[in-house]
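Here, each number is a calculation from the coordinates, and none is a lab measurement. These numbers were taken from a predicted model, which means no experiment stands behind them. We place every Cβ from the backbone using ideal geometry, glycine too, and count neighbours over all the protein chains shown.
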Amino acid sequence: MRRTASLARLLPLALLGLGTAGLALGAVAPARAADGERAAWILPATGVVDGVLAGYLADGVAKAARDGAAVVVVKLNTPGGSLDATQRITTAFLEAPVPVVVWVAPAGGRAASAGTFITLAANLAWMAPGTNIGAASPVSSSGEDIGGTLGTKVLNDAIANITAIAEARGRPVAWAVSTVAEAKSYSAAQAAAAGAVDGTAATITEVLAAADGRTVTLAGGRAVTLATAGAVPVEMPMNPFQAFLHLLSDPNVAFILFTIGFYGLIFELQNPNFVTGILGAISLLLAFIGFGSLPLNVAGLLLIVLGLVLVLLETQVTSHGLLAIGAAACVALGAAALYTEPGTPTAPDAAVALPVIITIVTLTAGFGVMISVVAYRSRHAPRSPILVGSLAVVGRDGKVSRPIDPVGTVLAAGEEWTARSADGRPIARGVPVRVVRQDGLTLYVEPAAAAPAP
């Protein structure tokens with residue numbers, strides 16, 4: 001118990017140390033180009049668009065401008081994300097003091113929902129073959145069209161927003177509006193043919209070569225001609241602390257953390273030890289940080305909670321495995337419905353991967369069955385009279401840990417007990433004794449030399 005408590009006290013210090021190390025790593029400058037060469041900063045932007053990604057891109061653009069980079073290339077692959085984060089990114093791009101290029105890559109990637117707004121907000125944009133862009137229409141949390149006045153307001157606001165971005169960057173307004181008003185999605189070749197992007201490029205070298213010599217307008221109306229043909233690509237990824245926080249917005253990671261956190265609390269209730277409780281609480285907090293960037297379905301979350309509660313009840317109720325079966329069904333249904341269709345034009349279409357659902361449901365069912373089997377064996381196991389009641393203590397040797405006069409304590413059978421002298425005489429600390437009788441939680445003892453054989 002002392003070791004567990006010490007670990008519990010050290011855990012916050014360890015987390016603080018990790019956070020400090022992460023911030024320190026974030027302060028490390030990226031690799032620079034050689035003297036006389038201009039750098040093209042590459043900012044990988046993968047996954048859900050959340051506050052971490054928005055801060056990373058905004059800071060990256062600002063640092064690139066201070067460092068004198070020739071251009072900033074955002075390598076984008078996203079299913080969408082938070083509306084607030086998207087607006088931060090588009091604002092940072094529109095007001096950037098350095099040319100910003102979005103490259104939708106790799107092949108098979110996409111710039112869906114929020115990615116459409118981000119791509120159009122860049123000065124220049126290219127897409128790798130095999131990528132797609134669009135599908136930015138606002139729908140309700142159930143995946144249906146938003147009706148009434150609310151639906152009209154949401155749709156008109158999204159159309160106005162993407163129209164303003166397209167006009168500011170000289171992109172085809174009708175094409176941009178179609179991605180919102182009609183939820184259309186386009187391949188790289190279709191987007192390039194419509195003029196929504198500047199072309200297709202399979203590698204970063206092709207992107208820099210295509211951007212060379214083009215003139216773009218930066219904030220304040222300043223025109224700049226890009227000289228990127230000889231620029232050296234310098235990748236500046238997220239620091240480990242940012243990458244960890246951004247990882248939380250992955251639908252699978254958030255679901256797994258929530259499940260682990262709930263199991264940690266269950267184990268803490270069954271066997272209090274502080275460690276599982278603390279780790280469980282931390283996992284739950286991290287899971288809810290991830291849920292904040294995802295289109296969470298509360299009904300699905302409640303189903304998962306119900307399933308895990310049924311696992312807990314399996315340890316207390318004789319159900320012969322029925323509660324374990326119900327728990328597995330609830331977790332499976334909850335995981336499948338944990339995320340809904342987006343309710344804003346930028347939110348991602350998120351879902352828990354089927355292999356993850358199968359793994360968690362199998363573990364939940366297995367844990368419930370294990371509890372049932374152990375409970376069944378325990379209830380039907382033959383009882384040994386040697387280990388029942390006072391016979392487990394009476395006749396054992398011990399030692400006085402606090403003087404008995406008339407009441408003290410003794411260490412017997414590996415535990416501290418309240419003790420009294422069998423004949424009423426005081427017994428000093430450290431004297432070996434033998435238990436002759438038990439009354440509830442009080443032991444009656446005599447010095448070992450004077451006690452009769454058990």
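Numbers below:
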{"item": "Largest-first ellipsoid semi-axes for region 387-447, taking √(5λ) over the Cα gyration tensor eigenvalues, angstrom", "result": "17, 11, 9"}
{"item": "Fully extended contour minus Cα-Cα distance, from Thr91 to Lys184, at 0.36 nm per residue", "result": "31.1 nm"}
{"item": "For region 32-242, alpha-carbon Rg relative to the globular expectation (2.2 N^0.38 Å, N residues)", "result": "0.99"}
{"item": "Proximal lysines relative to Lys75, as straight alpha-carbon distance under 22 Å, when same-chain residues fewer than 8 apart are discounted", "result": "Lys63"}
{"item": "Spin-label model distance (nm) - Thr205 vs Val173, 7 Å beyond Cα toward Cβ", "result": "4.1 nm"}
{"item": "Cα-Cα separations in region 152-305 greater than 23 Å, expressed as whole percent", "result": "65 percent"}
{"item": "Theoretical FRET efficiency, 1/(1+(r/R0)^6), r = Cβ-Cβ of Asp59 and Leu322, R0 60 Å, to 0.05", "result": "0.65"}
{"item": "Label-point gap, in nm, between Asn273 and Ala164 - each point 7 angstrom along Cα→Cβ", "result": "5.6 nm"}
{"item": "Size descriptor, Kirkwood hydrodynamic radius, that averages inverse alpha-carbon separations across region 248-380, Å", "result": "15.2 Å"}
